[in-house]
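The values are calculated or read from the model by the stated rules, or taken from the named source; none is laboratory data. Owing to the predicted nature of the structure, the values given are computational and were not obtained by experimental measurement. Positions of Cβ are backbone-derived with ideal geometry, glycine not excepted, and every protein chain shown enters the neighbour counts. Each accessible area value is taken on the protein alone, full model and side chains, heavy atoms only, with ligands, DNA and RNA left out. Shrake-Rupley method; radii C 1.70, N 1.55, O 1.52, S 1.80 Å.
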Amino acid sequence: MKAALIVPTVTGGERLVRLLDSVVGSLEGGHEVLIVDNASGDPELGRLSRRFDPVRVLALERNLGFGRAINAGARVTDADTLVLVNDDCVCGPGF
């Protein structure tokens, strides 16, 4: 079973990096993290996939709102399970 952690963001920045630091090291088994850039304008988001593995960034041209951003992320993954997380979270060990 493959899971995708979908994280919509309109701000990006350090809080998103804190979230990724808290989850990326514990991923295994083909799971992925999908950042849905809801037209944040943050140029650093494009570099996240190089800094964190297995992170993908889906850049939206305009802010679609939370629900539509989640749906856009769900459409581009082949994961069996979707896990939705806000960009201001920090996940504990074993998440």
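From its DSSP helices (H runs of at least four residues, each -39,500 (n - 2.57)), the chain gives a residue-normalised ellipticity at 222 nm of -7000 deg cm²/dmol.
Between Glu14 and Glu28, the modelled label-to-label distance comes to 3.2 nm, taking each label 7 Å out from Cα in the direction of the beta carbon. How much of the accessible area of the chain, in percent, comes from carbon and sulfur atoms when a 1.4 Å probe is used? About 49 percent, which is the carbon plus sulfur part of the accessible surface. Here the Kirkwood formula puts the hydrodynamic radius of the chain at 13.1 Å, using every distinct Cα pair. Geometric descriptor of region 27-73, per residue, is 70 Å³ (volume of the convex hull of the Cα atoms).
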